[in-house]
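Have a look at the structure below before the remarks.
The values are calculated or read from the model by the stated rules, or taken from the named source; none is laboratory data. Since we're looking at a predicted model, the values are computed, not measured. For neighbour counting, all protein chains shown are included, and Cβ atoms are generated from backbone atoms with ideal geometry for every residue, glycine included. Side chains are part of the model used for accessible areas, which takes the heavy atoms of the whole protein and leaves out ligands, DNA and RNA. Shrake-Rupley method; radii C 1.70, N 1.55, O 1.52, S 1.80 Å.
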Amino acid sequence: MFNKNTITRFEQLETPFYYYDLNVLSKTLEACRTASSKYGFHVHYAMKANFNPKVLDTIQSYGFGADCVSGNEVKAAVEHGFGKEKIVFAGVGKSDKEINAALDADIFCFNAESVQELFIINDLAKAKNKKAGIAIRINPNVDAHTHHFITTGLEENKFGINSWQLPDVAEALRKCPNLQFLGIHFHIGSQITDMEVYKSLCTRINEMQDWFVDHGFEVKILNTGGGLGVDYHNPDTNSISDFESYFKVFSNFLNVKPGQEVHFELGRALVAQCSALISRVLYVKNGLKKNFLILDAGMTELIRPMLYQAYHQIENLSRESGSNEPEKPAVHYDIVGPICESTDCFQKDVELQQSFRGDLIAVRTAGAYGEVMASGYNLRDRVGSVYSNPVL
Ligand SMILES: *Cc1c(COP(=O)(O)O)cnc(C)c1O
């Protein structure tokens, strides 16, 4: 990801910033498109993972649809050229304003997350004399075996409609002439690397599909959600997720009827590896028990380690072997940010070559849920973005 020229370029720039390697992004998108098109599967990009304009333009250019979770994301999808017939809108708390904006944009489908929401969408669609496409987000009660903060498909989670509520859903759909039932939707969590989890999901989807068919509904769409994980420990040697195995599980275990479409909503797996947070060492603090590297980036630029105890590989670009520097002995550092919170720590006990003020530090695999979660806490400057290739 970083050659000598890139690092020389970084030395001229103000830090911190997100560095985007658009080549890595393109390779990832290509791999996903190849693997999914083998089965005729449709992939929507989960925009909340990263809505950097250049990232969106690149993803759009590969023909993916957009999975949005707010009215503004729907607007951004339209502005970046995602076809309205490829835009879906999920979210447990869609406001009237957001629903109206999505109705005005004539999006393909609302993924509805409660019976009450069905009636609200119906009323708002009726006022505009429109019909809203609807998929029912069902909580399948499948354990994603991922961090509990990013599990979404268990009954204890707020997302989706539980299966015991389906009779109410059926009744609501029959009472709502301004809704058009399209299919069923699932999303069980994020950073899932165990394919057995997706196999269990397929079993549940098949059962739910049978329920709807038995109750007289035509199921046109099976939307399996997203959540495919990436390798945070090997960003260079394993930079592209195993899309082949992922789509194969669904092809093998999902009961797809003739004419039915299978939809996916991938976020992290498409964008995580294409970006790194680049920062500089401000201070080196040597204690009796601990050494600290204090960076000019913190939880205001990348909050995943503090929010989910997420692991990101950390590298000192100024001291990597290959640079002209003589090898210095390795030291253990707690890598921390400048923010006035004790939780503002990227990682404890990281072994790096001895590091100095001004060294460039890369926090890898930061393309998903990184820049988009940046905040202005402590009245910090907004984090910048730098791109590998000439701007598109
Ligand atoms: C966040 C989200 C996704 C994408 O999840 P990833 O783990 O980034 O693939 C897909 N669908 C819905 C409904 C989401 O909320």
When the chain is treated as a Gaussian network with springs between alpha carbons less than 10 Å apart, the largest mean-square fluctuation among 193, 237, 224 is found at 237
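State whether the range 20-114 is rounded, prolate or oblate according to the following rule on the C-alpha gyration tensor (a ≥ b ≥ c being the square roots of its eigenvalues): a/c under 1.5 gives rounded; otherwise a/b larger than b/c gives prolate, and the remaining case gives oblate.
Numbers: a/c = 2.21, a/b = 1.65, b/c = 1.34.
Prolate shape, in that a/c is at least 1.5 and a/b is the bigger ratio.
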Rounded to one decimal in nm, the spacing of the 7 Å Cα→Cβ label points at residue 320 and residue 119 is 5.8 nm
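Determine, from the Cβ-Cβ distance of residue 145 and residue 343 and an R0 of 25 Å, the FRET efficiency 1/(1 + (r/R0)^6), rounded to the nearest 0.05.
Numbers: r = 25 Å, r/R0 = 1.01.
Computed FRET efficiency for residue 145 and residue 343 comes out at 0.50.
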At R0 = 35 Å the Cβ-Cβ FRET efficiency linking residue 6 and residue 289, nearest 0.05, sits at 0.45
When all C-alpha to C-alpha distances in the chain are sorted into bins of 10 Å, what percent of pairs does each bin hold, rounded to whole numbers?
5, 22, 30, 22, 13, 6, 2, 0
Spin-label point model (7 Å from Cα, Cβ direction): what's the residue 248 to residue 194 distance in nm?
2.0 nm
For the range 1-128: accessible area per residue (Å², 1.4 Å)
42 Å²
With a 28 Å threshold on alpha-carbon distance, the violating pairs from 158/257; 48/220; 94/348; 27/248; 131/257; 48/290 are 158/257; 94/348; 48/290
If contacts are Cα pairs under 8 angstrom and at least 6 residues apart, what is the relative contact order of the range 22-272 in percent?
21 percent
Cα long-axis angle, helix 166-175 against the chain (0 to 90 degrees, to the nearest 10):
60 degrees
Please list, or write none, the aspartates and glutamates whose alpha carbon is within less than 19 Å of the alpha carbon of residue 97, excluding same-chain residues fewer than 8 places away.
67, 73, 79, 106, 113, 117, 123
Simple SL model, points at 7 angstrom along Cα→Cβ for residue 106 and residue 233; separation in nm is 5.0 nm
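Under a 1.4 Å probe, what is the accessible area of the range 157-298 per residue, stated in Å²? Don't jump to the answer; show the numbers that get you there.
Details: 5870 Å² over 142 residues.
Result: 41 Å² per residue.
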Computing the accessible area with a 1.4 Å probe over protein heavy atoms, can you report the carbon and sulfur percentage for the chain?
49 percent
GNM of the chain, Cα pairs under 10 angstrom: of 250, 159, 356, the biggest fluctuation goes to 356
The range 233-279 and the range 64-135: distance between their alpha carbon centers, rounded to Å:
24 Å
For residue 260 and residue 215 in the same chain, what is the full-extension length gain: residue separation times 0.36 nm, less their Cα-Cα distance, in nm?
14.4 nm
